[in-house]
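A short worksheet on the structure shown next.
The values are calculated or read from the model by the stated rules, or taken from the named source; none is laboratory data. Predicted model, so just to flag it, every value in this text is computed and none were measured. Reconstructed Cβ throughout: ideal geometry from the backbone, glycine too, with neighbour counts over all protein chains shown. Calculation scope for accessible area: heavy atoms of the full protein, side chains included, ligands and nucleic acids excluded. Shrake-Rupley method; radii C 1.70, N 1.55, O 1.52, S 1.80 Å.
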Amino acid sequence: MRRVFRQLVPAVLALMCSACSFGSQSLAKDSPPLFDLEEPLDLREEPKDEPQRAALDPASFTGVTTSDARQSLDALEAEPEGVLVARIVENSPADAAGLEVGDLLLEANVDGRIIALHWPSEWRKLEVDTAPGRTIDVLLDRAGVDVKASLVTALRVHSAEREATERFREDDRVGVVVRTATEVEARAANLGPGGGAVIVGLARGSPWRKDGLVYGDLVTVVRGESCAHPEVLFEAIRTTDEDATLALDVLRAGERLRFEAHVSRRESELHEFSIPLLYSYSNDRGHRETSVLFGLYQHESTKAAWKTRVLWFITFSGGDSDRLEEEQS
């Protein structure tokens, strides 16, 4: 009997250590994706407005192609300081002014009006708004040194290259998917091409549905600030208190609307509870498991099926069949 006891104690201790270590798994760092976020298929395609774009005034030409200045993942949720020069067209106004690839454009001055630059759409809006033959004075950062330059806009002969729209998703407080506006949409909203935030997806539980926002709405102004990039909208969502609303100006089918949009937060639920050896419960996205008294009773269930085991070897299971129930006449 003593030998049996000596053999049983290590086994029990091992079971207890195993049970205790079960709850020591690292916690999730990010929330799971929202299961009820809906993105209509027709809104996943690039808008077919090339004929309308070709009919737009081509506006002025500087020869500068800019890109997002944020370089690291840590900076992706911060407003960039300046826009990065990604390309200079040879013999263009920017080339003549001495601009170089890698320069960081910080601000522009047109007729005494100083424009701080944070997003590529702001430089494109500058090209659209400035008539050919006008001077743009720029302040730029070149390898940590401030440099001033002046360029004279030229008449654009051909339309700028079409820029593909980008999609961005917010899962934490609203449940929304947006994309950048096309040049046609942006210029109709007085934004630079690539700016704005067009709603192309909403969670079924999103507070914006109750507020009246719908698919296709183009957010143009957030808290009085021009929405030059979807990140302007997302930063406002992140910093809005739960009991406050977010002022949004929206363009819908040519009509300008104002909304006081609410934000929410993630629901919380119990994922796991255990008393070593006596009781354990876990719930992982609808997959539930319960165990009692060394596994004498175990129950497991999902949305489609369930299984119960008693005394380690008596098992019952069931779930959905491969047919629908017949309607009773």
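Heavy atoms only, probe 1.4 Å: what % of the accessible area of the stretch 180-311 goes to carbon and sulfur, would you let me know? Answer for the stretch 180-311 is 52 percent, counting heavy atoms of protein chains only. Along the stretch 46-59 the Karplus relation, 6.51 cos²θ - 1.76 cosθ + 1.60 evaluated at θ = phi - 60°, assigns HN-Hα couplings of 5, x, 9, 10, 4, x, 5, 5, 5, 7, 6, 4, x, 6 Hz to successive residues, with x for each Gly and Pro.
Couplings for the stretch 228-245, taken from phi via the Karplus curve 6.51 cos²θ - 1.76 cosθ + 1.60 with θ = phi - 60°, read 7, 6, x, 5, 4, 5, 5, 5, 5, 4, 4, 9, 8, 5, 5, 9, 10, 10 Hz in order; Gly and Pro are left as x.
Put simply, the amide H of Glu272, placed in the peptide plane, has neighbours under 5 Å in Asn283, leaving out anything fewer than 5 places away on its chain. Count Lys and Arg as plus one, Asp and Glu as minus one, and take only other residues whose Cβ is under 13 Å from that of Glu100; the net charge is then -2. Relative to the current alpha-carbon distance between Glu255 and Trp312, full extension at 0.36 nm per residue lengthens the span by 13.8 nm.
Our note on the geometry: Cα centres of the stretch 109-162 and the stretch 195-264, 29 Å apart. When each of the peptides 234-245, 135-146 is scored by how many other beta carbons lie within 10 Å of its residues on average, the order from highest to lowest is 135-146, 234-245.
Each peptide in 249-255, 227-233, 154-160, 83-89 receives the mean, over its residues, of other Cβ atoms within 10 Å, and ordering these scores from highest gives 227-233, 83-89, 249-255, 154-160. At a 1.4 Å probe radius, carbon and sulfur cover how many percent of the accessible area of the stretch 31-72? Taking all protein chains in place, the stretch 31-72 shows 57 percent carbon and sulfur surface. Between Ala131 and Thr239, the contour length at 0.36 nm per residue exceeds the Cα-Cα span by 35.1 nm. Packing around the peptides 188-200, 97-109, taken as the average count of other Cβ atoms within 10 Å per residue, puts them in this order, highest first: 188-200, 97-109.
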